[in-house]
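What follows is calculated from the coordinates using simple rules that are stated; it is not laboratory data. Keep in mind it's a predicted model, so treat the numbers as computed, not measured. Backbone-built Cβ (ideal geometry, glycine too); neighbour counts: all protein chains shown.
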Amino acid sequence: VVEKYSGEIWNMLRYVFVQLEDRDDIKIKNGMASSNSILQERSMFLEEELVQAEKKIQEYFFESVKTIRAEDIRGENMLIHLHRVQQMAKVLKNKQC
């Protein structure tokens, strides 16, 4: 569900924000940690990316100042966060932990 909806929102917004980067690869680390801690780490990553995406979408669409900040253009924008959410949700769904 998270993968589907984050992808749909990403797809809609990328047509609006054509000047923003819209893709980024997640860096998945497979160390010596247990599978439970890896799952927890990836779940926390997913949650943080969702929070950041929501915050940036809300700021842009629901606050009075409608400008795109320099940090958004450099890569940490709503589209990148949504893309990371979609990628991590796919990893978790496929149990590639």
task: Please give, to one decimal in nm, the separation of the simple spin-label points placed at TYR15 and GLU41, each 7 Å out from Cα toward the Cβ.
output: 3.9 nm
- prompt: Cα to Cα, under 23 Å, and not fewer than 8 places away if on the same chain: which lysines meet these conditions relative to LYS27?
  reply: LYS4, LYS55, LYS56, LYS90, LYS93, LYS95
